[in-house]
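Trainee: Can you read through this structure? Questions will come right after.
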Amino acid sequence: MKKTVTTLADGRELIYYDSADDTVRDAVDHRPLDPVSTSSEIRRDPLLGDAVAIASHRQARTYHPPADACPLCPTRDGRLSEIPDDHYDVAVFENRFPSLAGDSGRCEVVCFTSDHDASFADLTEEQAALVLAAWTDRTSALSALDQVTQVFCFENRGAEIGVTLGHPHGQIYGYPFVTPRTELMLRSAARHREETGGNLFDDVIAREEKDGTRTVLTTEHWIAYVPYAAHWPYEVHLHPRRRVPDLTALDGAARTEFPQVYLELLRRFDRIFGPGEPPTPYISAWHQAPFGVPGREDFALHLELFTIRRTSGKLKFLAGSESGMSVFINDVPPEAAAQRLREVASE
């Protein structure tokens, strides 16, 4: 992998990740951009104790542009974009409309491929491995920033999820605090350690593998399963078999096997609802341990992949119980979801 760091016309950082070591990236961003002006602010909810990012400048962000005006495509034929070069393998840049900025953290955009009409599932294993390398490198770089406590790499896919740019891409958030969901997991892991002396994540995986009814696929270095109390209609948790706190700690064997496993999961997701159905909308989220907090050594890096589509043509909405009380109601039994994800392996 070759990494090339440059800047955009307004001073934001742009990083190219290339498979070929002899790739030269010297294209200049000629857009007449004004300096980025953000108003990101973190506010604490005194009742719940969680944090809310107030980012009014995001109202002006790019919204469903036509394909020939996509800001994530390469710069070609006189049309200038966020990527000055006329092609790229993987590109990462600071978001022009960040939810978190300055002392409040950092937001980056990850472009998986220069092909506007592709999806992550269309990538080759080599391309997927390069994305993993980029996620890992950015996790390492952001963890070194004083204002970042936790790094979150994720992809929103599909208009139903709320995606406003159709180009295959994801994002990376560097939070200045431990996120509420991670705090809950750390708390549960600490309680489990105190009560049993064991590791919560290890014990959950052992239980799932022994039971087998919710296991989706297993390999030498990875295991994917539908959780016992899945929140979403189709939800898969993917863990490396050797527990590590974050992407930087993955060993070479797990890295080598990851593209095959992850691409298989994404392709199965697109087959859940049968032939002729539109691509399955999903959120793919890496859960990594925060830095410099108690319990970090007990946390387990894992990826959570889920869709809000519950059946053909119908979405799972977060209505009264979910949005009002944070109590999820799932219409698809986890065992049935796992069975379906095993069935579509051969379709």
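The values are calculated or read from the model by the stated rules, or taken from the named source; none is laboratory data. Because the structure is a prediction, the values reported are computed rather than measured. Here Cβ is always computed from backbone atoms with ideal geometry, including for glycine, and neighbour counts include all displayed protein chains. The area values use the complete protein model at the heavy-atom level, side chains included, leaving out ligands, DNA and RNA. Shrake-Rupley method; radii C 1.70, N 1.55, O 1.52, S 1.80 Å.
Trainee: Quick check: the distance between the Cα centres of segment 277-312 and segment 1-19, to the nearest angstrom?
Mentor: Using only Cα atoms to place each centre, the spacing works out to 27 Å.
Trainee: Show me the ranking of peptides 235-248, 315-328 by mean Cβ neighbours inside 10 Å, starting with the highest.
Mentor: So the peptides 235-248, 315-328, ranked by packing, come out 235-248, 315-328.
Trainee: To continue, here is another question. Which shape class, rounded, prolate or oblate, goes with segment 86-230 when its Cα gyration tensor gives a ≥ b ≥ c as root eigenvalues, a/c under 1.5 marks rounded, and past that a/b bigger than b/c marks prolate?
Mentor: Oblate shape, in that a/c is at least 1.5 and b/c is the bigger or equal ratio.
Trainee: Shifting gears a bit: Rounded to the nearest 20 Debye, what is the dipole magnitude of segment 185-302 about its Cα centre when Lys and Arg each give +1 and Asp and Glu each give -1 at the C-beta?
Mentor: So the dipole magnitude of segment 185-302 works out to roughly 80 debye.
Trainee: Net charge around G78, counting only other residues with Cβ within less than 13 Å of its Cβ (Lys, Arg = +1; Asp, Glu = -1)?
Mentor: Value of the local net charge: 0.
Trainee: I would also like to ask the following. Please list the non-local residues whose amide H lies under 5 Å from the amide H of I83, H modeled 1.01 Å from N, same-chain partners needing a gap of 5 or more.
Mentor: So I83 has HN proximity to T75.
Trainee: Let me ask something else. Please report, in whole Å³, the volume per residue of the convex hull around the C-alpha atoms of segment 11-95.
Mentor: Looking at segment 11-95, the number lands at 150 Å³ per residue.
Trainee: Let me ask something else about it. Could you sort K2, K210 by their accessible area in this structure, using a 1.4 Å probe and putting the largest first?
Mentor: K210, K2
Trainee: Compute the length gained on full extension between A9 and S56: take 0.36 nm times their separation in residues and subtract their Cα-Cα distance, giving the result in nm to one decimal.
Mentor: Roughly 14.6 nm would be gained on extension.
Trainee: Compute the helix-to-body angle for 125-143: its Cα long axis versus the longest principal axis of the chain, expressed 0 to 90° and rounded to tens.
Mentor: Between the helix axis and the principal axis of the chain, the angle is about 90 degrees.
Trainee: Length gain on complete extension for the stretch E194 to A144, per 0.36 nm per residue less the alpha carbon to alpha carbon distance?
Mentor: 14.9 nm
Trainee: At a threshold of 8 angstrom on Cα-Cα distance, excluding pairs fewer than six apart, so keeping six or more, what relative contact order does segment 74-167 reach in percent?
Mentor: 21 percent
Trainee: Specify which residue in the list A27, I42, I15 is farthest towards the positive end of the charge dipole of segment 14-55, using unit charges on the beta carbon of Lys, Arg (+1) and Asp, Glu (-1), about the Cα centre.
Mentor: I42
Trainee: Compute the distance from the alpha-carbon center of segment 21-45 to that of segment 124-144, in whole Å.
Mentor: Their Cα centres are 19 Å away from one another.
Trainee: Ranked from highest to lowest mean number of other Cβ atoms within 10 Å per residue, what is the order of the peptides 195-203, 165-173, 27-35?
Mentor: My ranking of the peptides, most packed first, is 165-173, 195-203, 27-35.
Trainee: Can you give the helix-only mean residue ellipticity at 222 nm for the chain, where every DSSP H stretch with n ≥ 4 adds -39500 (n - 2.57) and the sum goes over all residues, rounded to the nearest 500 deg cm²/dmol?
Mentor: The per-residue figure over the chain is -7000 deg cm²/dmol.
Trainee: Ok, one more. Of the heavy-atom accessible surface of the chain (probe 1.4 angstrom), what whole percent is carbon and sulfur?
Mentor: Carbon and sulfur together cover 51 percent of it.
Trainee: While we're on this one: On C-alpha positions alone, give me the angle between the axis of helix 334-343 and the longest principal axis of the chain, in degrees, nearest 10.
Mentor: Orientation of helix 334-343: about 70 degrees from the principal axis.
Trainee: Same structure, new question: Out of residues 5 or more away from V216 or on other chains, whose amide H comes under 5 Å of its own, with H placed 1.01 Å from N in the peptide plane?
Mentor: HN-HN under 5 Å from V216: A224, Y225, V226.
Trainee: Right, another one. Given a cut-off of under 8 Å on Cα pairs at least six residues apart, what relative contact order in percent is computed for the chain?
Mentor: The normalised contact order for the chain reaches 15 percent.
Trainee: Show the residues, 5+ positions off or on another chain, whose built amide H is closer than 5 Å to the amide H of L14.
Mentor: For L14, whose amide H was placed from the backbone, the distant partners under 5 Å are T6, T7, L8.
Trainee: Could you sort the peptides 302-310, 266-274 by per-residue average Cβ neighbour count (10 Å cutoff), highest mean leading?
Mentor: Highest-to-lowest ranking by the protection proxy: 302-310, 266-274.
Trainee: Note the angle between two axes, namely the Cα long axis of helix 200-211 and the longest principal axis of the Cα atoms of the chain, as a number of degrees from 0 to 90, rounded to the nearest 10.
Mentor: 60 degrees
Trainee: Taking a 1.4 Å probe, which of R157, R214, R255 shows the most accessible area, and what order do the others take after it?
Mentor: Sorted by accessible area, descending: R255, R157, R214.
Trainee: For L318 and R43, calculate 0.36 nm times their separation in residues minus their Cα-Cα distance, and state this gained length in nm to one decimal.
Mentor: Separation in residues times 0.36 nm, less the Cα-Cα distance, equals 96.6 nm.
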